[in-house]
Amino acid sequence: MTEILESLQFVYGPQVANGLAIGVAVILMALGLTIIFGLLDVINMSHGEFYALGAYLAVTLVGQGVNFWLCLALVPVAMAAIGYFTERALIQRVFHTKDRHILTLLLTFGLAIIAEDAFKLAYGPNPYKPESPISGASEILGIMLPNYRLFLIAAGGAIIVAVWLVVYRTTLGAMVRAAAWDKNMAASLGVPVERVYAGTFAFGVALAGLSGVLLAPIYSVFPTMGKDFILMAFTVVIVGGMGSIKGAVIAGLVLTQIQSISSLFISPVWSDPLVFGIMVLFLMVRPQGLAGRLGHG
Amino acid sequence: MLELDAIHTHYGLSHVLQGVSFTVAKGEVVGLFGRNGVGKTTLIKTVAGWVRPSSGRLRFEGEDIAGLASDRICRRGIGLVPEDRRVLPGLTVEENLRLGLMQAPGRAKAEAARAMQRTFERFPRLAERRSQMGTTLSGGEQQMLAIARVLVGAPRLLLIDEPSEGLAPMIADEIFALIHELRAEGIPVLLVEQNVMRALEVCDRFLALERGAVVFQGDARSSADRQRLIEVIAV
Amino acid sequence: MKTLKICAALAAVFAAGQVQAQGAPIKIGVVTPLTGTYAGIGQQVKWGIDMAIKEINDKGGIMGRKVEAIYEDEEANPNVAVQKAEKLFQVSKVDFLTGTVNSGSTLAVGQVAERNQRLAATTVSFSDAITGDKCSPNVFRVNAKAGMQSAALVEWMVKEKPSPSVFYLGPDYEMGRSTVAAFKSAAEKRGAKSVGEVFAPLDNKDYSPFFGQIRAARPQVLYTSVAGNDTVRFMSQLAEFGLAKNLQIVGAAGTVTAQNMKAIGKAADGYVTGAAYSAELDNPANKKFVADFKAAWKADPDLYGVDSYGVMYFYKAAVEKAGSTDTDKLRTAMRGLEWQTPQGKKTMRAGDHQAIQDMYAVKVTGGKFQIIAKVPGEAAVGPDTCTRF
Amino acid sequence: MADTPATRVAVRTAVAANERADALGDGVLAGAFVALALVFAAVAAASGDTFFFRLATEALILAGVAMAVDLLLGYTGLLSLGHALFFGFGAYVSALVLKHWSPSFWAAIGVTFAAAALLGVVAGFIAIRARGVYFALITFGLAQVVFKAVYNTRELGGSDGIIGIPQIRVEFGLFSVQASSPLGFFLVTLVFVMLLYAALAWLMRTPFGRLLVAIRANESARALPGILALARQAGGLRDRGRGRRALRQPVPHAARPGVAGAAGLPDIGQRRDHGHPRRRRHLVGALYGAVILTGLKSVIGTWTEHHLIIIGALFMLSVIFLPKGFAGYVLPRLRRRFAPGAGKPGEGA
């Protein structure tokens, strides 16, 4: 009995709790990605670099003496502006062509290459790590969890709920969903679709930037950090259903738990292939993912 | 109010509208008739801004609107009830209506709420189903919704494309009755309809379209003109 | 009159040039990661070499010939390293090649050197195989191999905590696994108990899924061989979870470096490693080296910087001993060569081309590596296992 | 729409004329490519160079991979992000054959071709169920799974890869070429890549090739009967169901990078796929694209360590301004010069 309790306390409990924190991080990344895909049909290959840019902006601001909590508010605003500009200046140019899936994918891929190198140029190759604004760890049911991770889980949960409310419970969200489903009809009802597109891209980018700020104290900041979560985020978006917020949340939680628990039984290096394998299976069996597209809940 | 002058529209290689000219005056309901594939829907899409005319002049209330984006055209006061209704999937009835308010985005909150209120009073069935997904409504209700969401924005011209298509005759009656009301309220309408005889009842004037051009205009009340219309579009 | 003066000045410059460069300059090819995960290490390599070359040239070069370095970015990718090495040998006609960081690149570049009948040296790669079962007659290693570092670390560990219980966490690739294996066998021989091991993927973002296992195993010592950004995450997450409190963390030499120490911050304090170098090393040569390095690059030198600085003096000593840059003569001269570096005297073992040097146990204290113990080179280096020559 | 027999004939004639002009344009560009390659070989051999030979050989091998991506993207509209999988697979298979079984070039290339074709069938079976962006993502996922699997398999050398592959001699019966000779290896690679080009160009003009193009057109049209009729013409796909109709199609392209991988033997390992956008619908563009990119990367890489910024910017500019790619830009201009009779309708057809 004590053996079972001990394994729960030391092995499975922490595994689930840590998986939850990682899951929230992954979902935050996937959220922006899935919204951009759901509305614009754009596979944003530079999403990871926007996440990195958010983290670098936070590092820069903290370096200037700005309070970390203020960064949480400032960086998403700056990132939204950058996202808006990116959509108008780049995505817009190939958006109306027949091959827009592939062209936008290639375009954002190019952007990612440039961004990563630009980080090196601007910040150098060495890592930065902003001091965690909340220190210490708490023991809950015998499971140790750092306070900042508890905050991350709470804040992440709040952000996810807020995003869901904005998309599904406001007129702004209705505009976004309408433009996603039927661009022409939405426009003929007076929805400024071009601005909605740019605004949605900006929103997705702001979410990526916000994740960058939130995760920087845990995962540190360096030029190639954009690749960290992006594969997992893509997997979550695909398994959850492209464009589905609910699907991303479910898939994000389930997949990170699978990864976390499986690392107890198989070599951790195989947990990535395991998750990708699940993604490939999903694409074969149910390419639309767990849930439908944006608009189906 | 709406003036088309030698409008030409291309779809890829095909030359669909080949010089269409006509006008719609204030307070008049104009029917647009013709056989399948003569370009009726293309004409509606051209006015609504879904398709850009390749040449010609398109004016609304004296201002050039050719080539403007659809949302701009909408905000000038042209409301579209498209073919197949295009009720937005994933949006509730109320959300569909709310988007209709976008036609006049500057409106005060109270006024917008009043417009919603009036619309629900006018379409009580939509009020009952306000939080239902728009696409789960019946065909007739969807058509109502398609018209209601345009009316909520108080348009100064309505484009209605095939409103009775696929509807049971009883339901179609309701739709035509609604268009009749609009006429009484003095809202100008450009109406495309397969059921010519029913449509003529609610129209003031009509146009006959043949091979992408207006071949004949007539008075909906004149039986001679009606007779000629049948000859042109039947065969 | 004016023209005459200029002519005279020009003539003087030419004459000076003639005197200084008796013959063409000696070209050193440096294939090192200037971009990617290891770019920070490549930076130290470049700084060390540039500084040594400047010093050598200021004192008249090697046998009167100037030395110049030609850099190529290998992106920490053996394929690219091979291509760039080939280019340096073939197009730039370099006399000597160095700079490779990861062991795969060093091994691959060694083969290129053999094909081109030129010599190469690594100043960074740790893998024991380079001077062990995969040794090459054309490859020398001037830095300490993994085995030497772990030997020094084990020496210190068993003195500090007799028969400790140790948990191992390494990155899951060849270098990570072999480093852990080497330390583990050395530690077990000296009475350490192994209570668990786990290999995390390279570029792992979150180590917390392994913390449950670590806590459950209740080790006294945690050995790790993760590197670069991975260390930043691993150590700061350990601290975040409050695990570092009752645990002595030890690790490979590449785990905590000048590049990532700042980002790790306080979490790095108390970390101990077996090292071939510390900037705190107390001897006049090192004091001068550190001061010059700081003046030139506004940064502290680390192991890679000092070893890369040292390789130039190794090459210089060998060329002067051989009296030539001819490959065979140079190889003979390099074998058994003794030379001075800021780390003290080094000896190139003839049998496997592995440099022998004194090793240290160093502890991170307030962002500095403090030497806490010394292990003589002969004791750390282990037997010669190279059978190819 | 004006769909009369007369216009249909007119369009068909125009399309045929365009195809002839296309083939002619492609031929001119391919010929120029070989000529340039030979001039380069002569100059480089005369100056005793090795590095540029190796670079050029690598560019040619990359051109092989690029043609494979092009076959898929340009003709069927399917973007494969997992082509490195086939490339790496080919390299590993041939390395294993050479190291453990037989040091014969022909054995290596034969086994590699067969194995890559098999892998193509398997990967095709998995991937072809998805369309559009899902296809891109599934291929990406597959490549990741296999990459991680190989990377974590110590028997295959793990992260170090396979080293110690014997230098090969390519036997041609009457004569043989040593792969370690830069000139010889370059020429062998050139011959192989151009043979592949010719084979693919021929394939595209057969009914099978038209079937591939039809798959692209069919993405939206779903004109299944027409496809099946074409399939019957092609002879190979009689009475296969919808799900399997494209099954065979990834096979030749999968085999191809496999062979390119075999040809690229001396350096083994993961290779980044440069997914160039500059080669859609014109295989010859793949040749030029690969060479231009390899050259650019080498030149800019020497010039600045931040070469990725420049490459990335060029990449983006070409996506925006040359969405049809290099060949898509050059060929219509060439066509006007060489076959002024070909009209516009082909563009829309």
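The values are calculated or read from the model by the stated rules, or taken from the named source; none is laboratory data. Everything quoted here is computed from the prediction, not taken from an experiment. Cβ atoms come from the backbone with ideal geometry, glycine included; neighbour counts cover every protein chain shown. Each accessible area value is taken on the protein alone, full model and side chains, heavy atoms only, with ligands, DNA and RNA left out. Shrake-Rupley method; radii C 1.70, N 1.55, O 1.52, S 1.80 Å.
List of remarks:
- Residue match in segment A:111-119 (condition: within 17 Å of the chain's Cα centre (by Cα), away from chain C (no Cβ under 14 Å) and either surrounded by 15 or more Cβ atoms within 10 Å (Cβ to Cβ) or free of Cβ contacts under 8 Å to residues at least 60 places away in the same chain (or both)): yes
- Checklist (1) surrounded by fewer than 24 Cβ atoms within 10 Å (Cβ to Cβ); (2) modelled with pLDDT of 95 or more applied to A:VAL205, failing item: (1)
- A single member of A:THR86, A:THR108 is touching a His at 6+ places or on another chain (Cβ under 9 Å), modelled with pLDDT of 90 or more, open to solvent by less than 30 Å² (accessible area, probe 1.4 Å) and among the polar types (S, T, N, Q), and it is A:THR108.
- Among the residues of segment C:129-137, some residue qualifies, meaning at least one is within 14 Å of chain D (Cβ to nearest Cβ), within 14 Å of the chain's Cα centre (by Cα) and not aromatic (Phe, Trp, Tyr).
- For segment B:149-195, the tally of residues that are touching a strand residue (DSSP E or B) at 6+ places or on another chain (Cβ under 8 Å), aliphatic (A, V, I, L, M) and open to solvent by less than 10 Å² (accessible area, probe 1.4 Å) stands at 11.
- Check on A:ARG169, free of Cβ contacts under 8 Å to residues at least 12 places away in the same chain and basic (Lys, Arg): yes
- Residues of segment B:46-66 that turn out to be away from chain A (no Cβ under 14 Å) and either in contact with a Pro (Cβ under 9 Å, 6 or more places away or on another chain) or β-branched (Val, Ile, Thr) (or both), as a count: 1
- The condition of being open to solvent by 10 Å² or more (accessible area, probe 1.4 Å) and either part of a helix (DSSP H, G or I) or within 14 Å of chain D (Cβ to nearest Cβ) (or both) holds for only one of C:LYS159, C:LYS205, that being C:LYS159.
- Residue satisfying all of: in segment B:153-191; of a type in the set (D, E, K, R) and in contact (Cβ under 8 Å) with a residue 60 or more places away in the chain; nearest to B:GLY79 (Cα to Cα) among these: B:ARG156
Per-residue answers, yes or no, for (1) in contact (Cβ under 8 Å) with a residue 12 or more places away in the chain; (2) buried (at least 24 other Cβ atoms within 10 Å of the Cβ); (3) more than 28 Å from C:ALA217 (Cβ to Cβ):
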| position | (1), (2), (3) |
| --- | --- |
| A:LEU5 | no, no, no |
| A:ALA17 | yes, no, no |
| A:LEU28 | yes, yes, yes |
| A:THR34 | yes, yes, yes |
| A:ALA52 | yes, yes, yes |
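- Scan of segment B:37-56 for residues that are under 22 Å from A:PRO192 (Cβ atoms) and surrounded by fewer than 22 Cβ atoms within 10 Å (Cβ to Cβ), ordered by number: B:TRP50, B:VAL51, B:ARG52
- Any hit, segment D:110-120, residues being in contact with a Leu (Cβ under 7 Å, 6 or more places away or on another chain) and either assigned to a helix (DSSP H, G or I) or touching a residue at least 40 places away in the same chain (Cβ under 8 Å) (or both): no
- Condition met for A:TYR51 (more than 14 Å from chain C (Cβ to nearest Cβ), aromatic (Phe, Trp, Tyr) and within 17 Å of A:THR200 (Cα to Cα)): no
- Inter-residue pairs, beta-carbon under 6 Å, first on the phi < 0 side of the Ramachandran plot and free of Cβ contacts under 8 Å to residues at least 60 places away in the same chain and in segment D:137-153, second open to solvent by 30 Å² or more (accessible area, probe 1.4 Å) and among the basic types (Lys, Arg), 6+ apart: none
- Subset of segment A:17-42 [within 11 Å of chain C (Cβ to nearest Cβ) and under 13 Å from A:ARG149 (Cβ atoms)]: A:ALA17, A:ASN18, A:GLY19, A:LEU20, A:ALA21, A:ILE22, A:GLY23, A:ALA25
- Residues in segment B:9-45 that are within 14 Å of chain D (Cβ to nearest Cβ) and in a strand (DSSP E or B) were compared, and the one that is farthest from B:ARG76 (Cα to Cα) is B:SER14.
- Per-region count, segment B:211-228, residues open to solvent by 20 Å² or more (accessible area, probe 1.4 Å) and under 19 Å from B:VAL24 (Cβ atoms): 8
- Taken as a whole, the condition of being part of a helix (DSSP H, G or I), open to solvent by 10 Å² or more (accessible area, probe 1.4 Å), at pLDDT 85 or above and not polar (S, T, N, Q) does not apply to A:ILE230.
- Of all residues making up segment A:172-183, the number that are within 9 Å of another protein chain (Cβ to nearest Cβ), open to solvent by less than 50 Å² (accessible area, probe 1.4 Å) and not acidic (Asp, Glu): 6
- Evaluation of A:ARG195 against (1) open to solvent by less than 10 Å² (accessible area, probe 1.4 Å); (2) more than 27 Å from D:ALA143 (Cα to Cα); (3) free of Cβ contacts under 8 Å to residues at least 60 places away in the same chain (one fails), failing number: (1)
- In this structure, C:LYS345 does satisfy being assigned to a strand (DSSP E or B), at pLDDT 90 or above and either outside the structural domain of C:TYR223 (by TED's automatic domain parsing) or open to solvent by 10 Å² or more (accessible area, probe 1.4 Å) (or both).
The rows are residues; the columns are (1) over 25 Å from the mean Cα position of the chain (by Cα); (2) closer than 30 Å to A:ASP272 by Cα; (3) open to solvent by 40 Å² or more (accessible area, probe 1.4 Å); (4) facing another protein chain (nearest Cβ under 8 Å).
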{"residue": "D:LYS148", "(1), (2), (3), (4)": "no, yes, yes, yes"}
{"residue": "D:ASN152", "(1), (2), (3), (4)": "yes, yes, no, yes"}
{"residue": "D:LEU156", "(1), (2), (3), (4)": "yes, yes, yes, no"}
{"residue": "D:ILE168", "(1), (2), (3), (4)": "no, no, no, no"}
{"residue": "D:GLY173", "(1), (2), (3), (4)": "yes, no, yes, no"}
{"residue": "D:SER176", "(1), (2), (3), (4)": "yes, no, yes, no"}
{"residue": "D:PRO182", "(1), (2), (3), (4)": "no, no, no, no"}
{"residue": "D:PHE186", "(1), (2), (3), (4)": "no, no, no, no"}
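- Checklist (1) β-branched (Val, Ile, Thr); (2) surrounded by fewer than 17 Cβ atoms within 10 Å (Cβ to Cβ); (3) touching a residue at least 12 places away in the same chain (Cβ under 8 Å) applied to B:THR136, failing item: (3)
- When we screen B:ARG76, B:ARG59 for residues that are open to solvent by 50 Å² or more (accessible area, probe 1.4 Å) and closer than 12 Å to B:ILE7 by Cα, the only hit is B:ARG59.
- Residue among A:ALA187, A:ALA198, A:ALA291 that is over 30 Å from A:PRO127 (Cα atoms), touching a helix residue (DSSP H, G or I) at 6+ places or on another chain (Cβ under 7 Å), modelled with pLDDT under 85 and of a type in the set (A, V, I, L, M, F, W, C): A:ALA291
- Counting only helices (runs of 4 or more DSSP H) that sit wholly inside segment C:1-111, those with at least 3 residues that are at pLDDT 90 or above and open to solvent by less than 60 Å² (accessible area, probe 1.4 Å) are C:39-58, C:78-90.
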